[in-house]
Amino acid sequence: MKKYKNISIGGIQQKIFNLVLIMLLLVVAAYTVVIFYQANQLTQLVTDTNEKQRQSISAITSQTMDGVIAASLGRSTQMEAEIANDMFEGVANVVRMTADYAEKLFESPENYAPFPVSLPNASDDGNVSVQLLTEDGVDPQAPEIAEKAGLIGNISPLLAALYQNSDVSSCYIALPDGVMLLADDHPSSKYAADGSLITFPMTERDWYKGAAESSGLFFTDVVTDVFTGQIGIMCAMPVYHNGELAAVAGADYFLDRISSGVSALSNDSSMTIIVNEKGHVIFSPQTEGTFAVKPGDEAANLRESENQELAALVNRALQEPTDIVMVEADGSSYYMTGAPVKSIGWTILSAVSKEATDQPAIMMEEQYNTILNDALASFRNNLSNASRTIVILLIIVTVLALTGALVVAKRIVKPLEAITRRVQTLGGNDLQFKMEDVYRTDDEIEILAESFANLSAKTLQYVDQVKTVTAEKERIGAELNMATAIQASQLPRLFPAFPNRPEFDIFASMTPAKEVGGDFYDFFLIDDNHIALVMADVSGKGVPAALFMMVSRVLIKSHMQNGESPSEALAHVNDQLCEGNDAQYFVTVWLGVLEISTGKGIAANAGHEHPALRRANGKYELVEYRHSPAVATMEGIPFRQHEFELHPGDSLFVYTDGVAEATNKDNELFGPERMLNALNKQADAKPDVILSNVMDGINEFVAGAQQFDDITMLCLKYNGPKS
């Protein structure tokens, strides 16, 4: 035995040293194998658990999207069906009113003097007129025919009023003798290309024969109008006297608005389809396949389709609103539902592509996979570095390696096992991974646990956001689109509005602050020599104000067309709007009537802005006078009115407070002075240029600041009476 620097070589000390060294090497080797084995097992366990979590999240997301689609699609389809049903009920009401009036004529003909009726006058295009039409071989001058035409002519004012105040394309009444009165605004269509008057075989038309055979209200199938060539439907109703057929009342409704609506409600992922009582597709955005529109003799009857799911859906939708069903058609899968249009026997079907509804779930899964792969890569990298560090430390710290290895192993394995057990329990409704004290190791294990916790929280938050945002977006989008379309359709939008009236030129516009607004304008001829002008502003904004606006507009127009003065009309409208006005809405109104032949007018101002008037060769100036209270503030209040007169070349400008109160980013108001400067920029310009100059002035002033109020304007330039 030798000693070397106090170390016994070949003795017990060396043997003990060798034994400890061998045991240490064996322990280090065994421990290293265990560490790598557990690391691999843990990595596989985490991977498997994350895959289960991914599948669970994907399934929950798909179920959530299916529920959102089912709720929103069903509501929007029923809403569309109810709107269509109301529309056709309106056509039926026009026919009923015509038939009721005709029945009174036939019951007491002695109470009615002959009413003059005339053949169509092509020069009356654009104006509502009641025209006399006959079948081939019927002489309107024959005494018997002339007598019946004179009697039935008493219904002419009603036909004109119904046509002007409803959405029908024409309304009429026909006698079995081959005589017919028809109201529309395109009499020139009753003449052939050679200028001869077209004879009309009315008693042979489907609407006439169908009404006579059904003895009640009758809707035709989709047909082509004889005079205009447009497609539409006809509604008719027989009139009896002493048990005999005395006449048939009817009305046409052109379906171009429905066709446009179907196109507007359809896109790449969804579509709206209308099917008639025969199971034929009559409106659809598709041009090929199962849902394409085809002629009647080529159209397939979807009620008897070989596609059993589709046939069952159509048959049920013709009777009642349906649940959401999955339908395979033309190689694609659709969520479909339907609701009946009971007044006419049709149904509206809505379809959404399953591929489109699955897209949010796919996107979420891709995002989840990205987050998961990054976290897993970070975990593997950190685990690999930790393993190398442990091995190096065990080799260097030989004597303390066993104790250090046991401590480190316990510290590493315990939190990892806790993480593993918690991850294995995740699933179903329990997807929340929360940090616990056992995970807080101040090393890569804590980072891994925090990654799991953050990923779990983001996943739950994203699922909730998908549910909330998708449902709210579908609901608000459908409601606002419908409300915007309804409001826009209520205001005059075609300019020039009166191309055949050279005495004046008029233009108006409305720019709502929201999707729908509370302002409105209107103008209409009360008779051939008087035009009514309306500018109003409802308190409040959005859909409620828009609804109050539409009611106010209809009431004002109705009273003015009854021949009332502006003050009388506002007084009656005020009392009607006060009834049941629990929301306490009110409306400021400037209402005027201009006598076209003289330029004299009467106006009433119910709490509205002062109008601006420009005399010929002059500048616009505000016309200030004492106002009456706003409409709908209190029942029984009187409204004052004043007279005014326009001379040739004069212009009148009325507006809502959104013009003067337009605000820039410094909270400054546009104001009356800036408005007058914009009006006088081209004071003698046409009304459309005047409004454009004011709008340009507002846009330049606000410089992109948010619009908080509706901007509504109307300008009329008086050219003087016809020479």
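From the list Thr77, Thr47, Thr43, exactly one residue is modelled with pLDDT of 70 or more, among the hydroxyl-bearing types (Ser, Thr, Tyr), outside the structural domain of Leu159 (by TED's automatic domain parsing) and in a helix (DSSP H, G or I). Which is it? Every option except Thr77 fails the conditions. For residues in the range 332-343 being surrounded by 21 or more Cβ atoms within 10 Å (Cβ to Cβ) and of a type outside the set (Phe, Trp, Tyr), which is modelled with the lowest pLDDT? Within the range 332-343, the match that is modelled with the lowest pLDDT is Val341. Of the numbered conditions (1) modelled with pLDDT under 80; (2) farther than 17 Å from Thr77 by Cα, Thr389 fails exactly one; give the number of that condition. Going through (1) modelled with pLDDT under 80; (2) farther than 17 Å from Thr77 by Cα one by one, Thr389 breaks only (1).
So that you can scan it fast, the table gives a plain yes or no per residue for (1) in a helix (DSSP H, G or I); (2) out of contact with any Ser or Thr (no Cβ under 7 Å at 6 or more places or on another chain); (3) surrounded by 13 or more Cβ atoms within 10 Å (Cβ to Cβ); (4) at positive phi:
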{"residue": "Tyr101", "(1), (2), (3), (4)": "yes, yes, yes, no"}
{"residue": "Phe106", "(1), (2), (3), (4)": "yes, yes, yes, no"}
{"residue": "Ala113", "(1), (2), (3), (4)": "no, yes, no, no"}
{"residue": "Pro116", "(1), (2), (3), (4)": "no, yes, no, no"}
{"residue": "Val138", "(1), (2), (3), (4)": "no, yes, yes, no"}
{"residue": "Gln141", "(1), (2), (3), (4)": "no, yes, no, no"}
{"residue": "Ile145", "(1), (2), (3), (4)": "yes, yes, yes, no"}
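The lone criterion from (1) under 34 Å from the mean Cα position of the chain (by Cα); (2) modelled with pLDDT of 85 or more left unmet by Pro238 is number (1). Here is a check on your reading of the model: is Leu652 in a helix (DSSP H, G or I) and in contact with a strand residue (DSSP E or B) (Cβ under 6 Å, 6 or more places away or on another chain)? No; evaluated as a whole, the condition is false for this residue. Based on what the data block shows, is Asn315 in contact with a Gly (Cβ under 9 Å, 6 or more places away or on another chain) and over 22 Å from Ser76 (Cα atoms)? In short, no.
Before we move on, is Gly229 small (Gly, Ala, Ser), outside the structural domain of Tyr191 (by TED's automatic domain parsing) and at pLDDT below 85? Answer is no for this residue.
Leu547 satisfies every condition listed in (1) outside any helix (DSSP H, G or I); (2) farther than 19 Å from Arg640 by Cα except (1).
Filtering the range 284-336 to residues that are part of a helix (DSSP H, G or I) and within 24 Å of Asn85 (Cα to Cα) leaves Leu302, Arg303, Leu310, Ala311, Ala312, Leu313, Val314, Asn315, Arg316, Ala317.
Among the numbered conditions (1) touching a strand residue (DSSP E or B) at 6+ places or on another chain (Cβ under 9 Å); (2) within 17 Å of Asp252 (Cα to Cα), the only one that Asn165 does not meet is (1). Against the numbered list (1) within 30 Å of Ile526 (Cβ to Cβ); (2) loosely packed, with under 14 Cβ neighbours inside 10 Å, Phe227 comes up short only at (2). Would the range 184-196 turn up any residue that is surrounded by 15 or more Cβ atoms within 10 Å (Cβ to Cβ) and in a strand (DSSP E or B)? Yes, the range 184-196 contains a residue that is surrounded by 15 or more Cβ atoms within 10 Å (Cβ to Cβ) and in a strand (DSSP E or B).
Scanning the range 680-693 for residues that are in contact with a Gly (Cβ under 9 Å, 6 or more places away or on another chain) and part of a helix (DSSP H, G or I) yields a single hit, Lys681. If you go through the range 700-714 and pick out every residue that is surrounded by 15 or more Cβ atoms within 10 Å (Cβ to Cβ) and not hydrophobic (A, V, I, L, M, F, W, C), you end up with 4. So, Ser156, is that one within 26 Å of His186 (Cβ to Cβ), small (Gly, Ala, Ser), part of a loop (DSSP other than H, G, I, E, B) and at pLDDT 90 or above or not? Taking the combined requirement at face value, the residue does not satisfy it. Checking Leu480, Leu455, Leu555 one by one, the residue that is in a helix (DSSP H, G or I), modelled with pLDDT under 95 and under 24 Å from Ile83 (Cα atoms) is Leu480 and no other. Contact map, the range 90-116: residues that are without any contact (Cβ under 8 Å) to a residue 24 or more places away in the chain and farther than 18 Å from Leu151 by Cβ paired with residues that are part of a loop (DSSP other than H, G, I, E, B) and of a type outside the set (Phe, Trp, Tyr), Cβ distance under 7 Å, separation 6+ or inter-chain. No pairs are found. The set of residues in the range 533-564 that are buried (at least 20 other Cβ atoms within 10 Å of the Cβ) and of a type in the set (Gly, Ala, Ser) comprises Ala536, Ala545, Ala546, Ser552. Restricting the search to strands (runs of 3 or more DSSP E) fully inside the range 569-625 and requiring at least 3 residues that are among the hydrophobic types (A, V, I, L, M, F, W, C) and either surrounded by fewer than 23 Cβ atoms within 10 Å (Cβ to Cβ) or in contact with an Asp or Glu (Cβ under 8 Å, 6 or more places away or on another chain) (or both) gives 587-595.
The values are calculated or read from the model by the stated rules, or taken from the named source; none is laboratory data. No experiment lies behind these values; they were computed from the predicted model shown. Cβ atoms come from the backbone with ideal geometry, glycine included; neighbour counts cover every protein chain shown.
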